[in-house]
C-alpha cells in the first residue's frame, strides 16, 4: 500500500508541477511578444515562491483577491452539484447495473453525456420562463456564502442556485452512474462469486462483503473524472445563469485577455482535479483491498 501511495503522490507532484508551468505560460501572455517565453515563465515561477500571483489588468487588484472574492460562490455551486450527483447517480447506477429489465434504460445517460452542458442550460432557461423561476441574470447576483451570516435573503439565493446546481448535478450524475455501472460490470465477471454461492453464502452477503467494496473502489477511482465533469459544467452554468463565481470570471478574463487571473483560476481548477484524483486513488486502493480481506 505504501508503494502505491508513493506512486500516486509522485504523480500528484508531477501533475502540479506541470500545471504550474502551464499557468506560467498563460500568465506570460500579459508580458507581450517582446518578452521571451522562458524568461516570462521563470519570472512567474519565482513570483509564486513569494505568493505573488500577479495583478488583474482590468481592476488592478491582486489576482488572488479576485479569486478569493468569488471562490465561496463556486464552492457552493460545486458542492450542491456534487450532492445532486451522488443522490441521483449512485442509486440509478446500482439499479441499472443489477436489474436486467432496466438495463436498456441505462442508455439514457449515454445520450445525456453526448449533450453539451450549454444545451441543458438553454433548456432550463427556456423552461424557467414558464415556471416564472427567478434567474441570477435577472438582477444583482446573490451574495454567495455557505452560511447565512451576512443578512442576505437565503430563499432568493436558493432559488438562484437551483437551476445552475441542477445543470452541474445532472452532468455529474451521468459520470457517477457510468463509473458505478462500469465497476459493477467488472465485479460481475470475477469467478469467486459462483464459488462463494456454492459454499452456501447468500447473494446479499456476497454483494455486501465482496462486490460492494469493488464498486465503491471503482467510484473513487473515477473521482478525478467526476471533478472534471463538475468543473466543466460549472463554467458553463455560471456564465449562462450569471452566478458570481470564478467560472464566470474565468470566461470573462479569457475574453478580455486578463491572463494573470486566467492563469490562477486554471491552476486552481487543475490542482482541485489532481488532488481529487490523488485522494480517490488512495481510497479506491483501500476499498479494493478491503473487499478481499
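Between the beta carbons of residue 252 and residue 158, assuming R0 = 25 Å, the FRET efficiency works out to 0.50 to the nearest 0.05. Can you give me the Cα centroid spacing of segment 214-293 and segment 38-93 in angstrom? Distance between centres, Cα-based: 10 Å. Fewest neighbouring Cβ atoms within 10 Å first, the residues 273, 252 line up as 252, 273.
Bear in mind these aren't lab numbers, they're just calculated from the coordinates by the rules spelled out. Since we're looking at a predicted model, the values are computed, not measured. Ideal geometry is used to build each Cβ from the backbone, glycine not excepted, and the neighbour counts take in all protein chains shown.
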